[in-house]
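Everything on this sheet refers to the single structure shown next.
The values are calculated or read from the model by the stated rules, or taken from the named source; none is laboratory data. Nothing here was measured: the structure is a model prediction, and the numbers come from that model. Counting neighbours? That spans all protein chains shown, and the Cβs are built from the backbone with ideal geometry, glycine included. Areas reflect the complete protein model, heavy atoms only, side chains present, ligands, DNA and RNA absent. Shrake-Rupley method; radii C 1.70, N 1.55, O 1.52, S 1.80 Å.
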Amino acid sequence: MAKHDKSGLGKSASGFKSPTSLWIGGALTSIFVVAALVSFLWTPYSVEALNIGAKLQAPSGTHLFGTDHFGRDIFSMIMVGARVSIAVAIVAVGIGILVGVPLGLLAASRQNSFIDDLVMRSNDLVFAFPSLLIAILITAIFGTSALNAIIAIGIFNIPVFARVTRGSALPIWTLDFILAARVAGKSGLRISLEHILPNILNILIVQGTIQFSLGILAEAGLSYVGLGAQPPTPSWGRMLADSQTMISFAPHLAIFPGVAIIATVLGLNLMGDGLRDLLDPKLRRVR
Amino acid sequence: MNPLLDIKNLSLDIGGTPILRDISLSVGHGEICGIAGESGSGKSLTALSVMGLLPMGAQRRGVVRLNGNDLFRRSEAEMCQIRGREIGMIFQEPMTALNPLKTIGSQITETLHTHSKISKAEANEIALEKLARVGLGGGRISENTYPHELSGGQRQRVMIAQAIAWQPALLIADEPTTALDVTTQAGILELLRDLVDNEGLSIMLISHDLAVLADMADHVSIMENGAIVEGGATEPLFRGHRHPYTQKLFAAASHIPIQPLAKFREPLLTVENLRISYRKKSTKLFGKATKFEAVSDVSLQILEGESVGLVGESGCGKSTLARAILGLQPIDTGRIELAGATIASVNNPEAEMRKGKAISSPAGLQQIVFQDPYGSFNPRHKVGRLIAEPFHAIPDAPSGKEMVLRIDAALEEVGLSSTDRDKYIHEFSGGQRQRIAIARALVIKPKLILLDEAVSALDVSIRAQILDLLAELRVTHGLSYLFISHDLSVVRAITDRVLVMLNGQILESGKTSEVLSAPHHDYTKQLIAFTPQIPADWISQ
Amino acid sequence: MVRYIVTRFCVLSVSLLVASGIIFTMLEVVPGDPASFMLGINAEADTLAAMRRELGLDQPMLQRYLSWLGGMLTGDFGISYTYRVPVSELVMARIWISLPLAIFALILSTLIAVPAGLIAASRRGRVSDWTVMGTTQLGIAIPNFWFAMILVSIFAIKLRWFSAGGFPGWDQGFWICMQALLLPAIALALPQASILARVMRSSLLETLSQDYIRTARAKGLSQRRTVWAHAFRNALIPVLTIIGLQFSFLIAGAIIIENVFFLPGLGRLIFQGITQRDLIVVESVVMLLVFAVICVNFLVDIAYALVDPRLRRP
């Protein structure tokens, strides 16, 4: 009689991978987080000072990544741009977690009830509005600002977290230890916090890193089309939009911000993969 | 005549770890060869070695001959021709062993199309014939049905139909009835026996259940830790068993704990005219939801200190009844009273329904131990916290040092130590987990413990220990048990009185020894007749 | 099956109704009066009033919502504040760029992803698996508009194989237009294909560990045939979900990509609408895109039922 750990909750020692991707991903991510933090105190050049005399310089010893059409230092702008990207993504993921996770827990604790249906159907509805469309609507009403990007990406994150939370909570609700807790007279809320949440935390952490990386990409897209951070605040998407007409004679303007985006997103995704292997090898990736 | 299947000195390593050592056994023509052993003894991997379906990194040595044909020397392509054509195989879990997206007909004809270029019509004809052969013919089950529309027993019959579609000489059956109810199991075993008797099939039957093998097998091999410790013709082996491990296994399988002398006083639990129903959604577009009565008009009583068995097959309503006694299940009508406290009482269903069905919160008088030792505990909490959980239910719960003392006392009572308090549940074996589950039930000193298939998932030797523990605790604490099980031998071992349940009703009740030896109701008779048993005179020696 | 389709259709209708309500209310709260915006600040009071009457702005909100909804059902989206032409005309001229682009990208991404996922899963742990996994990891990280810019600078500016942007119009011939859409579609498809390939791989691996795969092998099917006959179709179910979800990302992505390639599609229209505060255009285009996403999800639900018999007969 073969016995399996049916709950899928036990720690599986076999199949443990070396956390290489966690290290690489963590290192890449920390580079950008550190760059963003340092930019508050120091950047090689000021990003506001224009220096037309030094415009469109190729990368060199004095300007590591070259300069743009106003003579601003690209390296410094990428440092400051990291600030915007990371801040927007963190707040947006925060909105998604703070609203989505409780909704998902609530829906799972009242499976098939009216509340469950309501939460899930509103989720489906929000899914029909890609964050870009939400951003467009908000911009049409309130005008452009970095706040738009945060709200738009944050709203889109809510159903993602609600769905993942509910989906991973439901199988746990069927386990016997939940029944044992109910025999002890514990309420749905208390069971959700005491028994469900700790057991889905690893899934939420992994989903968090994925949404974080998607947030960076979405922010870049929004500021590229002018719906995100407004000039003069440097942002990676904005820098790419500005570089577009000069790409044939100053390719470094497009390459460095692009590589910054790719490296950050890649780092976060690798970190997510590593965390998933570390926390639970059986976890499936949900997007 | 040479045996059909001849295994000589089979050894198996997976990733460098030795799994099987020097397995030698043979299956003759028209024979049923049993392999018995507890979980992890290597029964299934022996079968998969023969099939050549081992996981990656497996290294096998030895000789396996099928009709003189050395299987280990065959290429993968040649093995594909042998599988399904010369050896068929069926598995334990009929619920997941069929592809949910394909009709059963197409899954049976697939065996045929794999091995020859026969026409669709011809294959279809054979499929229908095989469906009839396994008892699903006569237009009862169409070949266009999908697996999810069938019951567990029917699915296992479809599995057999596709395994024998090409009329292989050998069928490997890996725990084919373990997941099934007693009556369903009897039907499947009868079918297998019939195939051996009338079609000359040979079967390698793997089972943990010695009674099933006593009933079915011509000879049996007993496995322990990847090796065969003893083997031989079934009856002499069962009568004589010499090897210490075999002796231990047989003793555990028929173990009966020492029972306290029955002296019962006051009624503890009273259930009166209980009815519980569920709403079932209609399958039609605007059809009305129909009511399905899971428990209909059940009355029962459990006395203080009494151990009562509740026997019934899956879907008979015993779990719903248990949930109601725990105070977790809204009821339609009736009354449940425990030690003077009302768990649930509904007299006027119409009025109560409108308010939302009435349930009062449980008061810590009753506790439960579950079947699955893996899903019963939150893996993120330490044992101390797990055991402390029921304190939530009682008003004057101890705290701080006193609570720790109570937890330690409970741990020691179930044979564990206070140092286990700070461990996590994954550090314990299945049997130890079941002890922790009992400690959790015991810690608030309840009057009644519901044991929901509490020993069904355990190997026989562990099962015997847990049954002893339960018998002992019952005496020291004056506990009452409601022992829910499908396994009559366990019920016989530990209960004073037994209730037989079918379709939401209690058909028969009475002293366990009386009901099991002289049942009144036809269903009970059937249940007892269908339960495989080691013949009494085989053991008595 | 009928019950299932009817239920899904009801969900579709309710979603559309609620979505239209949300969009309408959001734009209702916008400060400013379209009539004064159209006529300028110096307009006379009675001209303004006449304009408001003409636009139907003097009616109560609910009535305006219902007539907007009714209008859309009959293909009348109202009149653009800035262009003074029916919005439906503006939309019609542009939808035949955006829609083919999104569909083209969807097909491209599926055609790349499914075989890639299949190869990676069936050669798990080998070089081809590592290559697919590495490439997709990178593909997910690349912003599609940046990839589009790089494609333009290499294939249009340096190599001059394609034009750098713009759209010739369908009357110039199918292939010429497809050529103009090829680079944008590749840019759109790459990240989506990366995600899809990974989903395909993990879904296939999951399916391959199921009990019925072992049953098929015990019947004598070779590993390869087992993958085709049993694993592939079953693994497609989660892939379908992702394809449905991706359509909304493709729609959003198309809006951005149109900017890189100067394609006069719905994306350009919506940004013009925002800068000129032509709210009725924004409202209509957003509604149209949401409509497209909801419809695609409806089709995905139907596709589920075709693949999975458990949904067909509840």
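Note down the nm distance, to one decimal, between modelled labels 7 Å out along Cα→Cβ at A:Gln230 and at B:Asn2.
Label at A:Gln230, label at B:Asn2, 8.9 nm between them.
Specify the angular offset, from 0 to 90 degrees and rounded to the nearest 10, of the alpha carbon long axis of helix B:430-442 from the longest principal axis of the alpha carbons in chain B.
10 degrees
Among A:104-111, A:150-157, how do they line up from the highest to the lowest mean number of other beta-carbon atoms within 10 Å?
My ranking of the peptides, most packed first, is A:150-157, A:104-111.
What size of dipole, in debye to the nearest 20, comes out for the protein assembly as shown about its Cα centre when the only charges are +1 on Lys and Arg C-beta atoms and -1 on Asp and Glu C-beta atoms?
So the magnitude is around 1260 debye.
So what's the back-of-envelope 222 nm ellipticity for the protein assembly as shown, counting only DSSP H runs of four-plus at -39500 (n - 2.57) apiece and dividing by all residues, rounded to 500?
After summing the helix terms and dividing by residue count, I get -17500 deg cm²/dmol.
Based only on the alpha carbon positions, what is the Kirkwood hydrodynamic radius of segment C:93-308, in angstrom?
Kirkwood hydrodynamic radius for segment C:93-308: 18.9 Å.
Given the pairs A:Lys186/B:Lys401; B:Lys318/B:Lys445; B:Lys423/B:Lys447; B:Lys291/B:Lys511; B:Lys43/B:Lys382, which span a C-alpha to C-alpha distance of over 31 angstrom in this model? Intermediate results must be reported in sequence, preceding the final value.
Numbers: A:Lys186/B:Lys401 23 Å; B:Lys318/B:Lys445 24 Å; B:Lys423/B:Lys447 28 Å; B:Lys291/B:Lys511 34 Å; B:Lys43/B:Lys382 34 Å.
In this structure, B:Lys291/B:Lys511; B:Lys43/B:Lys382 exceed 31 Å between Cα atoms.
For segment B:437-532, what class follows from the C-alpha gyration tensor (a ≥ b ≥ c being the square roots of its eigenvalues): rounded when a/c is under 1.5, otherwise prolate if a/b is larger than b/c, else oblate?
In terms of gyration-tensor shape, prolate.
Dipole magnitude of chain C about its Cα centre, charges +1 at Lys/Arg Cβ and -1 at Asp/Glu Cβ only, in debye to the nearest 20?
With Lys and Arg at +1 and Asp and Glu at -1, about 2120 debye.
Nearest-5 percent of antiparallel DSSP beta bridges in the protein assembly as shown?
60 percent
For the Cα atoms of chain B, what angle does the longest principal axis make with the long axis of helix B:120-133, in degrees from 0 to 90, nearest 10?
Computed tilt is about 50 degrees.
Determine Rg/Rh for segment C:31-162; Rg is computed over alpha-carbon atoms and Rh is the Kirkwood hydrodynamic estimate from the same atoms.
1.25
Going by alpha carbons, how many degrees (0 to 90, nearest 10) lie between the helix axis of C:279-307 and the longest principal axis of chain C?
30 degrees
Take every Cα pair under 8 Å in chain B that's 6+ residues apart, average their separations, divide by the length, and report that relative contact order as a whole percent.
Normalised by residue count, the contact order of chain B is 15 percent.
Counting only complete DSSP H runs, which helices of chain A cover 18 Å or more along their long axis at the Cα atoms and score a mean Kyte-Doolittle of 0.0 or above?
Span-like helices in chain A: A:20-41, A:74-109, A:114-127, A:146-173, A:197-224, A:252-279.
As I understand it, the dipole of chain C uses +1 on the Cβ of Lys and Arg and -1 on the Cβ of Asp and Glu, about the Cα centre. Which of C:Ala116, C:Ile251, C:Val227 lies farthest toward its positive end?
Towards the positive end, the residue furthest out is C:Val227.
How much of A:Trp173 can a 1.4 Å solvent probe reach, expressed as accessible area in Å² and rounded to 10?
The accessible area comes out at roughly 50 Å².
Please tell me the relative contact order of segment B:267-538 in percent, rounded to the nearest whole number, where contacts are Cα pairs under 8 Å and at least six residues apart.
The normalised contact order for segment B:267-538 reaches 23 percent.
Run the numbers on chain A and let me know its relative contact order in percent, using alpha-carbon pairs under 8 Å that are six or more apart.
Relative contact order, chain A: 27 percent.
Based on Cα coordinates alone, diagonalise the gyration tensor for chain B, multiply each eigenvalue by 5, take square roots, and list the semi-axes in whole Å, largest first. Could the numbers behind the result be given before it?
Values: eigenvalues 390, 179, 99 Å².
Result for chain B: semi-axes of 44, 30, 22 Å.
In Å and on Cα atoms, what radius of gyration and Dmax does segment B:1-145 show?
Values for segment B:1-145 (Cα only, Rg and Dmax): 17.6, 52 Å.
When only DSSP loop residues count, what chymotrypsin sites (Phe, Trp or Tyr not before Pro) in segment C:111-216 have their Cβ near at most 11 other Cβ atoms within 10 Å?
Loop-located and lightly packed - C:Trp161.
When Lys and Arg each count +1 and Asp and Glu each count -1, what net charge do the other residues less than 14 Å away from A:Ala58, Cβ to Cβ, add up to?
Result for the neighbourhood of A:Ala58: -1.
For the protein assembly as shown, build the charge dipole from Cβ charges (+1 Lys, Arg; -1 Asp, Glu) around the Cα centre, then report which of B:Cys316, C:Thr74, B:Pro100 sits farthest towards its positive end.
Checking the options against the dipole of the protein assembly as shown, the answer is C:Thr74.
When the Cα atoms of segment B:382-493 are enclosed in a convex hull and the volume is divided per residue, what value in Å³ results?
On the way: hull volume 11.4 nm³, N = 112.
Considering the Cα atoms of segment B:382-493, their hull volume per residue is 102 Å³.
Dividing the convex hull volume of the Cα atoms of segment A:28-151 by its residue count, what figure in Å³ per residue is obtained?
154 Å³
Is the shape of segment B:267-538 rounded, prolate or oblate, going by the alpha carbon gyration tensor and its root eigenvalues a ≥ b ≥ c, with a/c under 1.5 for rounded and a/b larger than b/c for prolate?
oblate
Taking the Cα centre of segment B:267-538 as origin, work out the dipole magnitude from +1 charges on Lys and Arg Cβ and -1 charges on Asp and Glu Cβ, in debye rounded to 20. Before the final figure, lay out the partial values.
Values: 31 positive and 31 negative charges, 243 e Å.
About 1160 debye.
Quick check: from the Cα gyration tensor, does the protein assembly as shown come out rounded (a/c under 1.5), prolate or oblate? Don't skip to the answer; put the middle values down first.
On the way: a/c = 2.04, a/b = 1.69, b/c = 1.20.
Prolate, because a/c is 1.5 or more and a/b exceeds b/c.
From largest to smallest, what semi-axes in whole angstrom does segment A:58-101 give when each is the square root of 5 times an eigenvalue of its alpha carbon gyration tensor?
Equivalent ellipsoid semi-axes, largest first: 35, 8, 5 Å.
Looking at chain A, what % of the alpha carbon pairs are farther apart than 32 Å?
Pairs farther apart than 32 Å: 37 percent.
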